[in-house]
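Novice: Got a structure for you, written out below as structure tokens; questions coming shortly.
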Amino acid sequence: MPREGTLPACSASARPSLSAVAELFKPVTWFPPMWAFACGVVGSGLPIAEHPGLVVVGLLLAGPLVCATSQAVNDWFDRGVDAINEPHRPIPSGRMPGRWGLRIAVLWTLASLLVATALGRVGFAAAAAGLALAWAYSAPPLRLKRNGWWGNLACGACYEGLAWITGAAVMAAGAMPGLGTFALAALYSAGAHGIMTLNDFKAIVGDRRMGIRSLPVQLGVTGAARVACLVMALPQVAVIALLAHWQRPWHALAAAALLAGQASMMKRFLAAPRERALWYSGFGVPLFVSGMMVAAFALRSVASGS
């Protein structure tokens with residue numbers, strides 16, 4: 001068995017199994033950007049039937065390509081940290097031998113850019129920006145994840161904002177989306193910063209040892225939990241105000257009800273953040289993403305004038 005924090009020796013000629021590759025890509029993480037892309041499609045106000053093929057391509061790009069690339073890049077450059085925090089992951093466990101993790105990350109980056117050419121200039125630019133953020137988040141010299149403030153901001157922008165904008169751009173045949181799209185994309189990207197913090201509570205020991213200054217490492221468990229809740233809640237308050245400004249009271253009321261549900265769960269989460277971070281991710285975050293779609297339908301009604 002390898003010592004804690006070290007990687008097992010592997011044959012350079014060995015190849016990973018398909019199951020190891022699938023695990024490297026973390027399919028469970030594909031939902032947020034695919035959902036945000038769908039929100040952009042809905043919020044555009046345009047008939048989905050006009051571009052069904054591009055919508056499918058966009059969903060594949062958001063999840064199985066760009067998001068999967070970000071996971072592969074992160075696992076490669078986090079292999080030392082994962083040897084401490086998650087030694088069962090494909091690279092530290094030796095199931096992804098040699099430099100296969102890096103090769104797959106580069107290959108999937110190129111494949112993502114190739115597919116993105118089908119989405120027009122704005123769609124391609126958004127996908128390229130998302131891939132750039134994915135590499136900047138994990139890879140030296142920037143390695144934004146070394147600081148929880150910058151790293152979580154990059155993740156939020158990649159997972160939510162850029163995917164939302166891409167969805168709207170695809171529906172508009174590559175034209176620049178309206179200000180409402182950018183406003184909602186920016187607000188939910190900011191809120192996603194707090195969601196990213198939830199994932200950091202399980203990695204405090206390894207992050208501290210490897211010099212990664214996540215918010216739980218910087219602020220302590222209680223301080224990081226409070227910041228995460230505040231960062232998740234305040235953008236939603238702004239969204240509710242925006243929906244009211246657009247004269248969409250029922251959408252604003254629905255978004256407010258979803259936020260109230262989150263607030264009640266935040267109280268329980270704050271009582272034991274480290275133990276309940278996963279619980280809140282499973283029950284509180286779905287209310288956050290439901291609010292995204294409520295806001296998208298509100299924007300759709302504004303765009304269509306109904």
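The values are calculated or read from the model by the stated rules, or taken from the named source; none is laboratory data. Quick caveat: nothing in here was measured; it's all calculated off a predicted structure. Glycine gets a Cβ as well: all are built from the backbone with ideal geometry, and neighbour counts include every protein chain shown. Please note that ligands, DNA and RNA were not included when accessible areas were found on the heavy atoms of the full protein model with its side chains. Shrake-Rupley method; radii C 1.70, N 1.55, O 1.52, S 1.80 Å.
Novice: How many Å² of accessible area per residue for the chain, probe 1.4 Å? Walk me through the intermediate numbers first.
Specialist: Working: 13660 Å² over 306 residues.
About 45 Å² of surface per residue is accessible.
Novice: Place +1 on the Cβ of every Lys and Arg and -1 on the Cβ of every Asp and Glu in segment 9-92, take the dipole about the Cα centre, and give the residue among Pro87, Gly53, Trp35 whose Cα lies farthest towards its positive end.
Specialist: Pro87
Novice: Take the solvent-accessible surface of the protein heavy atoms, probe 1.4 Å, and return the percent of it on the chain that carbon and sulfur atoms account for. Before the final figure, lay out each step's value.
Specialist: Working: 9440 of 13660 Å².
C and S fraction of accessible area: 69 percent.
Novice: Who wins for biggest fluctuation among Ile104, Ile91, Ile195 in a Gaussian network model of the chain, springs between alpha carbons below 10 Å?
Specialist: Maximum fluctuation in the GNM of the chain, among the listed residues, is at Ile104.
Novice: Which order do peptides 137-150, 52-65 fall in by mean Cβ count within 10 Å, highest first?
Specialist: On the way: 137-150: 17.3, 52-65: 19.9.
Answer by packing, highest mean first, reads 52-65, 137-150.
Novice: Amide H neighbours of Asn147 under 5 Å, at least 5 residues apart or on other chains, H built in the peptide plane: list them.
Specialist: Under 5 Å from the amide H of Asn147 lie the amide H atoms of Arg213, each far enough along the sequence or on another chain.
Novice: May I pose another question? When the solvent-accessible surface of protein heavy atoms is calculated with a 1.4 angstrom probe, in what order do Met292, Met196 fall, highest first? All intermediate terms of the calculation are to be shown ahead of the outcome.
Specialist: Working: Met292 0, Met196 35 Å².
From most exposed to least exposed: Met196, Met292.
Novice: Run the dipole for the chain about the Cα centre, Lys and Arg Cβ at +1, Asp and Glu Cβ at -1, nothing else charged, and hand back the magnitude in debye, nearest 20.
Specialist: Approximately 580 debye in magnitude.
Novice: Plugging the Kirkwood radius over Cα pairs into Stokes-Einstein for segment 115-233, at a temperature of 25 °C and a viscosity of 0.890 mPa s, what D comes out in µm²/s? Could the numbers behind the result be given before it?
Specialist: Details: Rh = 15.0 Å.
For these conditions, the coefficient is 163 µm²/s.
Novice: Also: Just from its helices, what would the mean residue ellipticity at 222 nm be for the chain, if runs of 4 or more DSSP H residues each count -39500 (n - 2.57) and the sum is divided by every residue, rounded to the nearest 500 deg cm²/dmol?
Specialist: Values: 16 runs with 218 residues, N = 306.
Mean residue ellipticity at 222 nm (helix-derived): -23000 deg cm²/dmol.
Novice: Can you tell me which lysines have their Cα less than 27 Å from the Cα of Lys267? Leave out same-chain residues fewer than eight positions away.
Specialist: Here the lysines satisfying the reach criterion relative to Lys267 are Lys202.
Novice: Rounded to whole Å and sorted largest first, what semi-axes of the equivalent ellipsoid does the C-alpha gyration tensor of the chain yield via the square root of 5 times each eigenvalue? Show your work: numbers first, answer last.
Specialist: Details: eigenvalues 221, 128, 37 Å².
Value: 33, 25, 14 Å, ordered largest first.
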